[in-house]
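The values are calculated or read from the model by the stated rules, or taken from the named source; none is laboratory data. All figures in this text were calculated on a predicted structure; none of them were measured in a lab. Neighbour counts are summed over all protein chains in view; Cβ atoms, including those assigned to glycine, are modelled from backbone coordinates with ideal geometry.
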Amino acid sequence: MERIESFNVDHTKLMRGMYISRIDGDVVTYDIRTRRPNVEEVMETGAIHTVEHLFATFVRNSALKDNIIYFGPMGCRTGFYFLTTGITHGDALKLTQDALKFIADFEGDVPGVSAIECGNYRDHDLPGAKKEAADQVDVLKNWTTADMIY
């Protein structure tokens, strides 16, 4: 079997940030890295799950909603994948920054948290998600498209 592309990234050198992971035709996969792999403690599942619900809800209600393919966590719990189509890297970065700020400031009921809407609705942590988002807002504050290359 061929080695998948993400295994070719040197995780010992990977820092927190947002990177262009791969481009497949019109689809761009972004690596939103919230932890230094194998150095920092991984994110907790409840916080990850809540970030996922809030980020996905925000971007799918944005002006770029038709360009959103997917947002979800990495199995290693050190970040998220964000897949888009038909937008610039700058637009994806700005949308990510805006979504993270939205999460950091969010108050109220998290969308999609019921047994009918979610496969694991009991595993959510809004305070943890807000902290994760606020930390990443700081990381990406001065990030540019030039910083998005591994």
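Of (1) within 13 Å of the chain's Cα centre (by Cα); (2) at positive phi, residue 73 satisfies all except one. Which?
(2)
Give 109, 138 a once-over and let me know the one that is of a type outside the set (Ser, Thr, Tyr), part of a helix (DSSP H, G or I) and either touching a helix residue (DSSP H, G or I) at 6+ places or on another chain (Cβ under 6 Å) or on the phi < 0 side of the Ramachandran plot (or both).
138
Being modelled with pLDDT of 95 or more, part of a helix (DSSP H, G or I) and touching a strand residue (DSSP E or B) at 6+ places or on another chain (Cβ under 6 Å) is true for just one of 129, 99, 92. Which residue is that?
Details: 129 fails: touching a strand residue (DSSP E or B) at 6+ places or on another chain (Cβ under 6 Å); 99 fails: touching a strand residue (DSSP E or B) at 6+ places or on another chain (Cβ under 6 Å).
Going through 129, 99, 92 in turn, the sole match is 92.
In region 101-147, which residue that is among the small types (Gly, Ala, Ser), more than 15 Å from residue 16 (Cα to Cα) and within 14 Å of the chain's Cα centre (by Cα) is surrounded by the fewest Cβ atoms within 10 Å (Cβ to Cβ)?
Ranking the qualifying residues of region 101-147, first place goes to 104.
Quick one: what pairs do we get from region 112-126, first residue at positive phi, second surrounded by 10 or more Cβ atoms within 10 Å (Cβ to Cβ) and outside any loop (DSSP other than H, G, I, E, B), C-beta under 6 Å, 6+ apart or different chains?
These pairs meet every condition: 112/53.
So which pairs qualify, if the first residue must be in region 8-23 and free of Cβ contacts under 8 Å to residues at least 12 places away in the same chain and loosely packed, with under 14 Cβ neighbours inside 10 Å, the second must be part of a strand (DSSP E or B) and polar (S, T, N, Q), the Cβ gap must be under 9 Å, and the two must be at least 6 apart or on different chains?
Qualifying pairs under 9 Å: 23/29.
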